[in-house]
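The values are calculated or read from the model by the stated rules, or taken from the named source; none is laboratory data. Bear in mind that the values here come from a model prediction, so they are computed numbers and not experimental data. Using ideal geometry, Cβ is built from the backbone for each residue, glycine included, and neighbour counts are taken over all protein chains shown. Remember, those area values only see protein heavy atoms, side chains included, never the ligands or the DNA or RNA. Shrake-Rupley method; radii C 1.70, N 1.55, O 1.52, S 1.80 Å.
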2 protein chains.
Amino acid sequence: MAAAAGEVRLIGGWPSPFVLRARVALNLKGVEYEFLQEKFGEKSELLLRSNPVYKKVPVLLHHDKPVCESMIIVEYVDAAWAKSGQAILPADPYERALHRFWAVYIDDKWFPSMFGIAKAQTEEAKAESVEQAWAALKLLEEAFEKLSKGKAFFGGGTIGYVDIALGAYLGWAKVIEQMAGLKLFDEEKTPLLAVWAERFCAHEAVKEVMPETEKLMEFAKMLRGK
Amino acid sequence: MAAAAGEVRLIGGWPSPFVLRARVALNLKGVEYEFLQEKFGEKSELLLRSNPVYKKVPVLLHHDKPVCESMIIVEYVDAAWAKSGQAILPADPYERALHRFWAVYIDDKWFPSMFGIAKAQTEEAKAESVEQAWAALKLLEEAFEKLSKGKAFFGGGTIGYVDIALGAYLGWAKVIEQMAGLKLFDEEKTPLLAVWAERFCAHEAVKEVMPETEKLMEFAKMLRGK
């Protein structure tokens, strides 16, 4: 294992897709870490001290030094444990730029449209968000074709930066699919991504940390009830 | 010079702070490039083809391969010309993560509050944006103290990633200061950043590409007239 106990700690919460990104990256690198779960609705002294700007999870503490923002953590883990496990970002500068571009796109376009479905107050607003989410996935399907080069993941033979960026939302995507009675990762609309989504969830580095859909459903209901 | 003519092209426009970021990065690396200016209000065939997702400048074309999104371009330039000029991002993974964090903060918090001043429809909304912009700069002043380690720039002895992220907005900040009749980079509120701002604009890699405040003012008036 690449890290001694206590050396690496992650402040997080199990339902957060952003925390999940950090956990998958640490798993891919075989880094042992202590998972410090925040209580829902509270912010620990350690969190406030470690991320005073945003006061948000995830925060990675490496030898007590905090790293904030999920994709910055993923990139940090890749570089700090460069010799452990697999590479998460490609080595080639141009390939790196492409992977960064699509990771930004996922947070910028896919995420708001997916959550727009859950937040929609009217059938019209919901239908609009669904169309936007499908359109974003269609572009991501094309990106998958290019980046994966015919292999299993955006990262090629194994999970990479873009896989983590998009894959972390899969738990919540399933909740939204159930609540809205539709399929986002649709076999006909985006066949490559539909297969990829199953493959991602079944991956060794993911399956133990991906929250169960039922637990997320309960959590979502609790949030709605508030 | 690090690149032959025609090898590197930048699709942009002179008033854009995002395009300016790419230009400063290319200058720091001593990379020669062809500057392809888009006509205002139009989108060239080359732009639409090179950035079909966002259809926005800047786009860097390196051997005809497009790189989009300003800070991704800056990082690409740093890596693709690793041996030319100076390093833009620090080599240490933890330092890199810190610099990335503050660059994201600048686009996420400082930029909207600064433009909020210009867009404000009421005195109340304007005052609120001014307070937010000052608060963001106060945090950036603290970040400057940490990152610069007592030297001239966020990047230490010379312009780095965070300098480019924030510095590219200085032209527009001056326009907003004039229009709103106030000082954003204030000597009393944020003394380090006030000095830094002057130093940034006077830097060799910046002074030729930083748009003149008067020209930006005219451009802003033209935009308002539309």
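From the list A:ILE117, A:ILE106, which one is in a helix (DSSP H, G or I), over 16 Å from A:ILE164 (Cβ atoms) and more than 11 Å from chain B (Cβ to nearest Cβ)? Spell out how you get there, then give the answer.
Values: A:ILE106 fails: over 16 Å from A:ILE164 (Cβ atoms).
The match here is A:ILE117.
Could you please give the count of residues in segment B:205-226 that are open to solvent by less than 80 Å² (accessible area, probe 1.4 Å) and in a helix (DSSP H, G or I)? Working first, answer last.
Step one: filter segment B:205-226 for residues open to solvent by less than 80 Å² (accessible area, probe 1.4 Å), giving B:205-206, B:209-211, B:213, B:216-217, B:219-220, B:222-223, B:225.
Checking which are in a helix (DSSP H, G or I) leaves us with B:205-206, B:213, B:216-217, B:219-220, B:222-223, B:225.
Total satisfying the criteria: 10.
Taken over segment A:86-95, the criterion of being facing chain B (nearest Cβ under 10 Å) and not in a helix (DSSP H, G or I) is satisfied by A:ALA91, A:ASP92.
Tell me the residue from B:VAL53, B:VAL77 that is under 27 Å from B:PHE219 (Cβ atoms), without any contact (Cβ under 8 Å) to a residue 40 or more places away in the chain and facing another protein chain (nearest Cβ under 10 Å), please. Exactly one of B:VAL53, B:VAL77 is under 27 Å from B:PHE219 (Cβ atoms), without any contact (Cβ under 8 Å) to a residue 40 or more places away in the chain and facing another protein chain (nearest Cβ under 10 Å), namely B:VAL53.
A quick yes/no check of all residues on (1) in contact with a Pro (Cβ under 9 Å, 6 or more places away or on another chain); (2) at pLDDT 95 or above; (3) part of a strand (DSSP E or B); (4) open to solvent by 40 Å² or more (accessible area, probe 1.4 Å):
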residue: A:ALA4; (1), (2), (3), (4): no, no, no, yes
residue: A:LEU10; (1), (2), (3), (4): yes, yes, yes, no
residue: A:PHE18; (1), (2), (3), (4): yes, yes, no, yes
residue: A:VAL31; (1), (2), (3), (4): no, yes, no, no
residue: A:PHE35; (1), (2), (3), (4): no, yes, yes, yes
residue: A:LYS43; (1), (2), (3), (4): no, yes, no, yes
residue: A:LYS55; (1), (2), (3), (4): no, yes, no, yes
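Of all residues in segment A:57-74, those being more than 8 Å from chain B (Cβ to nearest Cβ) and surrounded by fewer than 22 Cβ atoms within 10 Å (Cβ to Cβ) number 4.
Is one or more of the residues making up segment B:177-186 within 26 Å of B:ALA22 (Cα to Cα), touching a Gly at 6+ places or on another chain (Cβ under 9 Å) and either part of a helix (DSSP H, G or I) or open to solvent by less than 60 Å² (accessible area, probe 1.4 Å) (or both)? Scanning segment B:177-186, I find no residue that is within 26 Å of B:ALA22 (Cα to Cα), touching a Gly at 6+ places or on another chain (Cβ under 9 Å) and either part of a helix (DSSP H, G or I) or open to solvent by less than 60 Å² (accessible area, probe 1.4 Å) (or both), so the answer is no.
When A:GLY171 is tested against (1) open to solvent by less than 30 Å² (accessible area, probe 1.4 Å); (2) not in a helix (DSSP H, G or I), just one condition goes unmet, and that condition is (2). The single condition among (1) in contact with a strand residue (DSSP E or B) (Cβ under 7 Å, 6 or more places away or on another chain); (2) within 14 Å of chain A (Cβ to nearest Cβ) that B:LYS83 does not satisfy is (1).
So how many residues does segment B:195-204 have that are open to solvent by less than 100 Å² (accessible area, probe 1.4 Å) and over 10 Å from B:GLY167 (Cβ atoms)? It would help to see each step written out before you state the result.
Initially, segment B:195-204 is screened for residues open to solvent by less than 100 Å² (accessible area, probe 1.4 Å), giving B:195-197, B:199-203.
Subset that is over 10 Å from B:GLY167 (Cβ atoms): B:195, B:202.
Looking only at that region, the number is 2.
Here's a check for you: in segment B:166-224, which residue that is in contact with a helix residue (DSSP H, G or I) (Cβ under 7 Å, 6 or more places away or on another chain) and among the charged types (D, E, K, R) is nearest to B:TYR33 (Cα to Cα)? Taking the candidates together, the pick is B:LYS207.
Can you spot a residue in segment B:127-137 that is more than 14 Å from chain A (Cβ to nearest Cβ), among the hydroxyl-bearing types (Ser, Thr, Tyr), over 19 Å from B:LEU192 (Cα atoms) and surrounded by 15 or more Cβ atoms within 10 Å (Cβ to Cβ)? Within segment B:127-137, one or more residues are more than 14 Å from chain A (Cβ to nearest Cβ), among the hydroxyl-bearing types (Ser, Thr, Tyr), over 19 Å from B:LEU192 (Cα atoms) and surrounded by 15 or more Cβ atoms within 10 Å (Cβ to Cβ).
Would it be correct to say that A:THR190 is in contact (Cβ under 8 Å) with a residue 12 or more places away in the chain, more than 15 Å from A:ALA133 (Cα to Cα), in the same structural domain as A:GLU131 (by TED's automatic domain parsing) and polar (S, T, N, Q)? Answer is no for this residue.
Can you report the number of residues in segment B:57-74 which are assigned to a strand (DSSP E or B), of a type in the set (A, V, I, L, M) and under 19 Å from A:GLU142 (Cβ atoms)? Step through it out loud before you land on a result.
To start, the set of residues in segment B:57-74 that are assigned to a strand (DSSP E or B) comprises B:59-62, B:65-68.
This time we only want the ones that are of a type in the set (A, V, I, L, M), so: B:59-61, B:67.
Filter once more, keeping what is under 19 Å from A:GLU142 (Cβ atoms): B:59, B:67.
Residues meeting the conditions: 2.
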